[in-house]
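Have a look at the structure below before the remarks.
The values are calculated or read from the model by the stated rules, or taken from the named source; none is laboratory data. Being a predicted model, the structure only gives us computed values, none of them experimental. Virtual Cβ from ideal backbone geometry, glycine too; neighbours counted across all protein chains shown.
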Amino acid sequence: LFLFMRNQDTANDNVRVNANIPATAQQPQQQPVIIQQPAPQQQPIVVQQPATSQPAPIIVTQPATDSGSATTSSGTDDMAVQSNVDKRISEDKTFSTLGITALVMDGKVTLSGTVNTETLKSQAERLVKGVKGVRSVENKIIVTG
């Protein structure tokens with residue numbers, strides 16, 4: 001019993017001592033530490049295309065042999081007709097000095113230039129019509145007189 005009472009007195013003394021201690025002297029409560037980390041930044045997405053070292057190839061197909069020969073022969077024929085028409089005009093005394101020109105396309109001859117009379121215009125057309133390979137003549141010669 002004695003011990004019990006003595007124990008109680010000691011407990012009361014501690015309470016009295018604690019009551020006399022001001023509140024500020026008690027152990028301060030520690031504030032929680034907040035650690036803020038920066039928000040993760042998203043890396044930009046980079047799309048890389050493979051490097052091209054040379055341009056795309058161009059595919060050319062050869063024309064069929066039948067149509068190719070027709071075009072070639074037509075071109076060759078036009079060249080031959082052009083040569084013969086130019087020769088005929090340059091060898092004629094009347095037309096060689098007048099500056100009449102002829103253009104041959106698919107056997108059609110287009111005449112251009114200037115003359116003094118309708119007679120000279122029609123003579124030039126007849127002269128060209130007589131050349132082998134001429135299919136038609138378009139006479140654009142202008143009469144100035």
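Listing for the model above:
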| quantity | calculated |
| --- | --- |
| So Gly130, is it within 19 Å of Asp77 (Cβ to Cβ) and over 49 Å from the mean Cα position of the chain (by Cα) | yes |
| Subset of region 79-108 (residues that are under 15 Å from Leu120 (Cβ atoms), free of Cβ contacts under 8 Å to residues at least 12 places away in the same chain and of a type outside the set (Ser, Thr, Tyr)) | Lys93 |
| Residue ID - surrounded by the fewest Cβ atoms within 10 Å (Cβ to Cβ), chosen from residues in region 76-96 that are in contact with a helix residue (DSSP H, G or I) (Cβ under 9 Å, 6 or more places away or on another chain) and in a helix (DSSP H, G or I) | Arg88 |
| Residues being closer than 15 Å to Arg88 by Cα and in contact (Cβ under 8 Å) with a residue 24 or more places away in the chain - total across region 121-135 | 9 |
| Residue selected from region 133-145 under the condition small (Gly, Ala, Ser) and part of a loop (DSSP other than H, G, I, E, B), by the criterion surrounded by the most Cβ atoms within 10 Å (Cβ to Cβ) | Gly133 |
| Test result for Ile100, within 20 Å of Asp78 (Cβ to Cβ) and more than 44 Å from the chain's Cα centre (by Cα) | yes |
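Condition check ((1) surrounded by fewer than 20 Cβ atoms within 10 Å (Cβ to Cβ); (2) part of a loop (DSSP other than H, G, I, E, B); (3) modelled with pLDDT of 90 or more) across all residues:
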position: Leu98; (1), (2), (3): yes, yes, no
position: Ala102; (1), (2), (3): no, no, yes
position: Ser112; (1), (2), (3): yes, no, yes
position: Ser122; (1), (2), (3): yes, no, yes
position: Glu125; (1), (2), (3): yes, no, yes
position: Val131; (1), (2), (3): no, yes, yes
